[in-house]
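What follows is a set of notes on a single structure, which appears directly below.
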């Protein structure tokens, strides 16, 4: 049974994650400040660290830096309410293995944890998603259309990743709202349409097809020779 260290100072969130992990078959331990998280992570008694950036006494960036400087190889998934690409890239470049923006879907968190804990010898994780002339590098946070690099916000990046992982399939607004924003469907919300509009302007409208009454589909657009 894998042992998960949860570094989270918000009691409600920590309790939610702890209960969910127990139900998922994991053994969780909660710590609420940076120094305690560092000591526990360095002890070797845990298989993975869920790390909140906004910890008291030592923030998540400093904690992560100390772990990697101390040669700790524990897998780290950052959980953060910060939505900027700069913060996310800083975490990944500082040694984190993955990130999730709050709020998140717990099923996705479980999937990401299991991915990081997979046994050696399985096929390596795909780090670049491609479809037609689109490419998304999940490690460097670079989006490309043809040979052009496109700057995306954290939410735009997550939305494009969702489309690429389901390329050619119709995704409803409910599915996109749940997977990218972590919300239950709100029939009065047009946030999905707004962000699809952002992607269309940045990547090209031809990539995103509106399927009347159903949702959106990512369309393959081939690069010109």
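The values are calculated or read from the model by the stated rules, or taken from the named source; none is laboratory data. Since this is a predicted model, take the numbers as computed values, not measurements. Glycine also receives a Cβ, built like all others from the backbone with ideal geometry; neighbour counts cover every protein chain displayed.
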Return yes when residue 160 is at pLDDT 80 or above, outside the structural domain of residue 10 (by TED's automatic domain parsing), over 19 Å from residue 26 (Cβ atoms) and in contact with a helix residue (DSSP H, G or I) (Cβ under 9 Å, 6 or more places away or on another chain) and no when it is not.
yes
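Residues are listed down the side, and each one gets a yes or a no for (1) crowded, with 21+ Cβ neighbours inside 10 Å; (2) closer than 18 Å to residue 109 by Cβ; (3) out of contact with any strand residue (DSSP E or B) (no Cβ under 6 Å at 6 or more places or on another chain):
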{"site": "7", "(1), (2), (3)": "yes, yes, no"}
{"site": "28", "(1), (2), (3)": "no, yes, no"}
{"site": "36", "(1), (2), (3)": "no, no, yes"}
{"site": "56", "(1), (2), (3)": "no, no, yes"}
{"site": "59", "(1), (2), (3)": "no, no, yes"}
{"site": "70", "(1), (2), (3)": "no, no, yes"}
{"site": "81", "(1), (2), (3)": "no, yes, yes"}
A careful count of residues in segment 127-151 that are within 14 Å of residue 199 (Cα to Cα) and within 14 Å of the chain's Cα centre (by Cα) gives 1
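Residue-wise test of (1) in contact with a strand residue (DSSP E or B) (Cβ under 7 Å, 6 or more places away or on another chain); (2) in a strand (DSSP E or B); (3) surrounded by 15 or more Cβ atoms within 10 Å (Cβ to Cβ).
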{"position": "135", "(1), (2), (3)": "yes, yes, yes"}
{"position": "143", "(1), (2), (3)": "yes, yes, yes"}
{"position": "149", "(1), (2), (3)": "yes, yes, no"}
{"position": "155", "(1), (2), (3)": "no, no, yes"}
{"position": "159", "(1), (2), (3)": "no, no, yes"}
{"position": "163", "(1), (2), (3)": "yes, no, yes"}
{"position": "167", "(1), (2), (3)": "yes, no, yes"}
Flagged in segment 139-157 as closer than 20 Å to residue 175 by Cβ and at pLDDT below 85, in numbering order, are 154, 155
